[in-house]
Amino acid sequence: MDPLRIVPVDGRSDDPAARDLFDRWVDAQRASMASLHTGTDPSWSASELRTMRRTRTDIGYADRVALRGHTVVGMLAIAMPLHDNQDNALVMLHVPPEHRGGGVGSALADEAESIARQAHRTILQAFTEYDAGSDDIGRSFAERRGFAVVQTMLGSTMALPGDRDLLGRATAAARREDAAAYELEVSWDGIPEDWLAGRAELSRRMSTDAPQGDLSWDEEEWTPQRVADDLQRVVDSGRRFVEVVARDGRSGRLAGFTRLEVSTQTPERAYQQDTLVLREARGHSLGLRMKATAALAMMDELPAVSEIRTWNAADNEPMLAVNARLGYRPDGIQRVWQRRLAPERGAAPTG
């Protein structure tokens, strides 16, 4: 058997050999995910991930591939926030099923810890995912590495086209005087400039108001420019997206938002991104109204989309109830794992 090698992967390079290795790095993720959660694909294609690595200034990436000879036997991706949460490193590690049990995962996990320590990151966060009703085959590996579960997420899927009458009624839910004071606005493939300040506040509050379980995650810093840059990356990657906001007609303030994205890789599937209703604006069916409005907009603009996929914290009972009312069906479970590291003495930070 060829010796195991772990080498860097460069998603920014236009060199043909580097591009081929990056494509195979993504393929390893896809093969692993398909074996864990039936019918799933990585939510980001190779071309989309290249755009992210070339343009993001708020995240530092360290990507590695495990090779035996010329065969890719595993992949590792580490994302390190640069604007906030600078103690954290988000780890994604996948080994295709035919290469498991040979030490590949352990070697990649060792590499992840080394990279995190060198970057002075003391909190590792990783994820396992599996079909509802099946076993989490990554659990024993995570526990052996010293990780503990800090949050459980539930995956669900809504078939499209949905029931237009049901969705229409949902968009008009709770026509009490206080609820009717919140108006919904819709935008495709970008947002109006006058949304940016409000959206920055909503993104900041996403890091404080959304359920976090026992996850170590501090308040994020968001500016209008960061929001604009974030959405421009979505456009530059070739994705289509629709965003719906709820505006308080009395103050003009944005009180909530939701966004759906469609990848060129999977034009039949929309991915639910963040949804938030500010704590002080809850109780007016805004989550239901915004998500129903987004689904109707998706049906009208992109009729080829046949499903919407979403993940929600298992303890986010109000949003899970909204999903059930709209017709989402549970199909997956994701565990968020966390481990604290002691930083390596004398190590220099990586860029």
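Among the listed residues 84, 110, identify the single one that is surrounded by fewer than 20 Cβ atoms within 10 Å (Cβ to Cβ), more than 16 Å from the chain's Cα centre (by Cα) and either closer than 18 Å to residue 56 by Cβ or of a type in the set (S, T, N, Q) (or both).
The match here is 84.
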Count - residues of region 172-207 that are of a type in the set (Asp, Glu), in a helix (DSSP H, G or I), more than 18 Å from residue 235 (Cα to Cα) and modelled with pLDDT of 95 or more: 2
Residue in region 312-321 that is of a type in the set (A, V, I, L, M, F, W, C), more than 21 Å from residue 205 (Cα to Cα), open to solvent by less than 20 Å² (accessible area, probe 1.4 Å) and at pLDDT 95 or above present: no
Some residue of region 229-245 being over 21 Å from the mean Cα position of the chain (by Cα), open to solvent by less than 50 Å² (accessible area, probe 1.4 Å) and farther than 22 Å from residue 163 by Cα: no
Residues located in region 271-311, provided they are open to solvent by 20 Å² or more (accessible area, probe 1.4 Å), touching a residue at least 60 places away in the same chain (Cβ under 8 Å), closer than 16 Å to residue 182 by Cα and assigned to a helix (DSSP H, G or I): 279, 293
Search result, residues across region 135-152 that are part of a loop (DSSP other than H, G, I, E, B), closer than 16 Å to residue 97 by Cα and either open to solvent by less than 50 Å² (accessible area, probe 1.4 Å) or touching a helix residue (DSSP H, G or I) at 6+ places or on another chain (Cβ under 8 Å) (or both): 136, 137, 138
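Suppose the filter is assigned to a strand (DSSP E or B) and acidic (Asp, Glu); does residue 261 pass it?
Yes, satisfied.
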Residue list for region 30-46, filter: more than 15 Å from the chain's Cα centre (by Cα) and open to solvent by 60 Å² or more (accessible area, probe 1.4 Å): 30, 38
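The values are calculated or read from the model by the stated rules, or taken from the named source; none is laboratory data. Predicted model only: the values in this text are computed from it and were never measured. Neighbour counts run over all protein chains shown; Cβ positions are idealised from the backbone, glycine included. Surface areas here come from the heavy atoms of the whole protein model, side chains and all, with no ligands, DNA or RNA. Shrake-Rupley method; radii C 1.70, N 1.55, O 1.52, S 1.80 Å.
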